[in-house]
1. Helix 36-59: angle to the longest alpha-carbon principal axis of the chain, degrees 0 to 90, nearest 10?
2. Convex hull over the alpha-carbon atoms of the range 27-98: what's its volume per residue in Å³?
3. Checking the a/c ratio against 1.5 first, then a/b against b/c, what shape does the Cα gyration tensor give for the range 149-234?
4. Tell me, in nm to one decimal, what length is gained between residue 256 and residue 94 on full extension, where the rule is 0.36 nm per residue of separation less the Cα-Cα distance?
5. Just report the Cα centroid separation between the range 167-198 and the range 216-233, whole Å.
6. So if R0 is 25 Å, what FRET efficiency would residue 124 and residue 43 give, r being the distance between their Cβ atoms, rounded to the nearest 0.05?
7. By counting other Cβ atoms within 10 Å of each Cβ, how are 197, 145 ranked from fewest to most?
8. Under the classification rounded if a/c is under 1.5, otherwise prolate if a/b is larger than b/c and oblate if not, where does the range 171-216 fall, given a ≥ b ≥ c as square roots of the Cα gyration tensor eigenvalues?
Amino acid sequence: MNVPSTQRGEPCGPILQSLWDYVRSEHEGVLLSPHLPVFCAFLTHVAFCTPFLVLDLLAGFSRRFRAWRIYAEEPLPPFRAWLKCLWKLAVQYLTVVLPVSALLQMPRCPLRLPGRSPTSWQLFVDVFACFLLFDSLFFFWHLSMHRFPWLYRNIHQQHHQHRVPFALQAQDASTSELLSLLLLARISAFLVNCHPMSEILFHILNTWLAVEDHCGYNLPWALHRLLPFLGGAPHHHTHHRRHNVNFAPYFTHWDHIFGTYSEG
């Protein structure tokens, strides 16, 4: 968790300050702990995936829900695939992600959270900058894993075991790839040097967007319909079917620049 040594001087909004005061008073131990944020990250991922599991179950009986699927002709992922993926993620988080995160956190402990919240503008700039940086780092790392056969076979191939992905599979990857993506997110927040509140929001939204990218549905209220510079689930599903296009996780500018963009 990045803790800036100085606060930018704009006055804090009363709502953000009240929220930050609550977080500091009730959950400061969670945020500064080397262990609990990992459990929170895992539970957040599972919580975001749960509505799509319900949607998959409903799509098995309702044409209305199935019509929202990007590939309506493809079979729905079986429930056992969800259980298998959940068990695998739980083992990875417990045996690898948890100890590695604790090691990364140790040099920065003990720390105290700043007393002032970010302004609304600072919060927006911090989070947007984190996403731009993470999207760039992810694009080049993802492109490399597809361009170099050794990286693909030993790190990335496992993520492509499902031709049509489902929500929980957003983090269904080899241990090396899972750690690399978590590290890229941490590096992005560190380089931006954002307020801890901004970093928390970035990690939460990053988890949601990753889940939405893999959910299998082109929902009417999906973020890519509201924000035209986002690729969304159709963009990423095209990558899972063709493998040689749409390497950026969220935005589309890098794929346009490198000629790897394809319509979802």
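Laboratory data are not the source of any read-out in this text; all were calculated from the coordinates shown. Predicted model only: the values in this text are computed from it and were never measured. Cβ atoms come from the backbone with ideal geometry, glycine included; neighbour counts cover every protein chain shown.
1. 30 degrees
2. Per residue, the Cα convex hull of the range 27-98 comes to 103 Å³.
3. oblate
4. 54.5 nm
5. Computed from Cα coordinates, the inter-centre distance equals 21 Å.
6. The calculated FRET efficiency here is 0.45.
7. 145, 197
8. oblate
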